[in-house]
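Chemist: Handing you this structure, nothing more for now.
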Amino acid sequence: MRFDTRLVHSGQRPSPGTGDVVPPIHVATTYDRFAQEPLRLFYSRGENPTREALEECLASLEDARCCAVFSSGQAAATTMLAGLSSGQRVVSSDDVYGGTYALFSTLGRYGIRVDYADLSDPAEARRALAADTAMVWVETPSNPLLKITDVAEVSRLAHARGAVVVVDNTFASPALQRPLDLGADVSLYSTTKFIAGHADVLGGALVCDDEDLHAGFVDHRTVTGGVPGGLDCYLVHRGVKTLSLRVTRQTATARSIAEELRDHPAVTDVRYPGLPSHPQHRLADRQMSGPGSIVSFRYRGDPEKLMARTRLFACAVSLGGVRSLIECPALMTHRPIPRAVRHAAGITDDLIRLSVGIEDPADLLEDLTTALEGD
């Protein structure tokens, strides 16, 4: 099946006996061992049919053998890091989600070192990966500066050192980018964002082809309990069916907004991979099937006042949903990062990030331009 067909059909076989075209939501916490033939289900922290249907779907979107889903993107990230040992080293993109940075900041107590590098710069990536490395953590497009990292080249360099490569593919989603096809070992998602798409459920996922890696993820999830319930899995699985439709609309609108912002006197430094001015525009064209629907820019006025003036762009964290959002990373998603560290990475106090939804493009442009002219 092609990608868009998999979105609708993978993990969605009609139920035996009833013919339900949407599989039922399994909310039971435990299972009667004598009511099963063969015996397979024991306890829902370990097994849940609704969860397994979602995992089948998400794995299929990357032509992968395995997927493990979690109660949040942070739970997925924590599980990814759980395989590290004291004395090992992680190299991470320097421009990462604030929650990821906060998670990395806890690793020192376990003797694990995290070094940050601009992995979108080939020369810096080579320098950073010259030393022994256990794991390389790539965000591409990055959050919030939308840097694009060459996943194939970084994977080549990392594998030469014996390192595992994990790509946080949340911003692109599998609709626009397939990290495993590019050489990465694991695709990580906050399924809360584009995959679920409606800002009504938390979730995370780790997709891979390595069955041993996957077994470790599942074991850790079962022991630590970072599992999503049946209803959460149902909502994510329902949302993913419209992923391509949503992303296509969102990307087209984001491109028009980025082009409008580029010439606005209140705006500088528009960051959008679809613009020729983006430093990695050609790489984005080669590596992704579209530039996505996140736009970042620097604003000459007061970010708080700007965000208070928008009507359709809600001032809120998160991204990838059907409703458009606006935020200032320094004040919101990336506030846990020390100011000096933020600024060194380019996340300055004047940076604004937009998550473009599926509203009418003309209404979104009018809302944004009216707000920009308020100063």
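Chemist: Determine the share of the chain's accessible area contributed by carbon and sulfur atoms, expressed in whole percent, with a 1.4 angstrom probe. Mind showing how you got there, number by number?
Modeler: Details: 8430 of 16040 Å².
Result for the chain: 53 percent of the exposed heavy-atom area is carbon or sulfur.
Chemist: Just want the answer: with Cβ charges of +1 for Lys and Arg and -1 for Asp and Glu, which residue in 347, 336, 266 is farthest toward the dipole's positive end in segment 243-373?
Modeler: 336
Chemist: Nearest 10 degrees, 0 to 90: what angle lies between the long axis of helix 361-372 and the longest principal axis of the chain (Cα atoms)?
Modeler: Roughly 50 degrees, rounded to the nearest 10.
Chemist: Only bridges whose two residues both fall in the chain count here: according to DSSP, what percent of them are antiparallel, nearest 5?
Modeler: Details: 21 of 39 bridges.
Bridges in the chain are about 55 percent antiparallel.
Chemist: Would you please calculate the Kirkwood hydrodynamic radius of segment 77-178 over all C-alpha pairs and express it in Å, rounded to one decimal? Could the numbers behind the result be given before it?
Modeler: Numbers: mean 1/r = 0.0737 Å⁻¹.
Result for segment 77-178 stands at 13.6 Å.
Chemist: How big is segment 141-291 along each principal axis, measuring the range of its Cα positions in Å and listing the largest first?
Modeler: Sorted from largest, the Cα extents of segment 141-291 read 54, 42, 24 Å.
Chemist: Compute the acute angle (0 to 90°) between the alpha-carbon long axis of helix 211-224 and the principal axis of greatest extent of the alpha-carbon atoms of the chain; round to the nearest 10°.
Modeler: Once rounded, one gets 90 degrees.
Chemist: How far is the Cα center of segment 172-222 from the Cα center of segment 255-286, in Å?
Modeler: Result: 28 Å between the Cα centres.
Chemist: Using all alpha carbons of segment 283-375, what is the percent of pairwise distances in each 10 Å bin, ordered from the shortest bin to the longest?
Modeler: Each 10 Å bin holds this share of Cα pairs: 16, 45, 32, 8.
Chemist: Report the normalised scattering of segment 1-127 as log10 I(q)/I(0) at q = 0.16, 0.21 Å⁻¹, calculated by the Debye formula with identical scatterers on the alpha carbons.
Modeler: Relative scattering, expressed as log10 I(q)/I(0), comes to -0.98, -1.23.
Chemist: Give, in nm to one decimal, the length gained when the segment between residue 126 and residue 281 is fully stretched (0.36 nm per residue of separation minus the Cα-Cα distance).
Modeler: Details: separation 155, 0.36 × 155 = 55.80 nm, distance 2.06 nm.
Length difference between fully extended and current span is 53.7 nm.
Chemist: When the helices in the chain are scored as -39500 (n - 2.57) per DSSP H run of 4 or longer and the sum is shared across all residues, what 222 nm value do you end up with, to the nearest 500 deg cm²/dmol? Show your work: numbers first, answer last.
Modeler: Working: 13 runs with 129 residues, N = 375.
Here the helix-only value at 222 nm equals -10000 deg cm²/dmol.
Chemist: Rounded to whole Å, give me the distance from the Cα center of segment 306-365 to that of segment 71-101.
Modeler: So the two Cα centres are separated by 23 Å.
Chemist: For segment 243-373, with every protein chain kept in place, what is the accessible area per residue (1.4 Å probe, Å²)?
Modeler: Working: 5680 Å² over 131 residues.
It amounts to 43 Å² per residue over segment 243-373.
Chemist: Sticking with this structure for a sec: Enumerate the whole-percent occupancy of each 20 Å bin, from 0 to the last occupied one, for all C-alpha pair distances of the chain.
Modeler: Percent of Cα pairs in each bin: 29, 57, 14, 0.
Chemist: Counting Lys +1, Arg +1, Asp -1, Glu -1, what net charge surrounds residue 333 among other residues with beta carbon under 10 Å of its beta carbon?
Modeler: On the way: positive: 335, 353; negative: 327.
Net charge around residue 333: +1.
Chemist: Tell me which lysines have Cα within less than 20 Å of residue 241's Cα, excluding those fewer than 8 residues away on the same chain?
Modeler: Within the straight-line limit of under 20 Å, residue 241 reaches these lysines: 193.
Chemist: Follow-up question, since we're still on this one. For segment 345-375, run through the GluC sites (Glu not before Pro) and keep only the ones in DSSP coil with at most 14 other Cβ atoms within 10 Å of their Cβ. Could you put the intermediate results ahead of the total?
Modeler: Details: sites: 359, 366, 373; in loops: 359, 373.
Passing sites in segment 345-375 are 373.
Chemist: Shifting gears a bit: By how many degrees, between 0 and 90 and to the nearest 10, does the Cα long axis of helix 49-60 differ from the longest principal axis of the chain?
Modeler: 50 degrees
Chemist: Determine Rg/Rh for segment 4-79; Rg is computed over alpha-carbon atoms and Rh is the Kirkwood hydrodynamic estimate from the same atoms. Don't jump to the answer; show the numbers that get you there.
Modeler: Working: Rg = 13.9 Å, Rh = 14.0 Å.
For segment 4-79, the value is 0.99.
The values are calculated or read from the model by the stated rules, or taken from the named source; none is laboratory data. Since this is a predicted model, take the numbers as computed values, not measurements. Glycine gets a Cβ as well: all are built from the backbone with ideal geometry, and neighbour counts include every protein chain shown. Heads up: the accessible areas ignore ligands, DNA and RNA and are worked out on the full protein's heavy atoms, side chains in. Shrake-Rupley method; radii C 1.70, N 1.55, O 1.52, S 1.80 Å.
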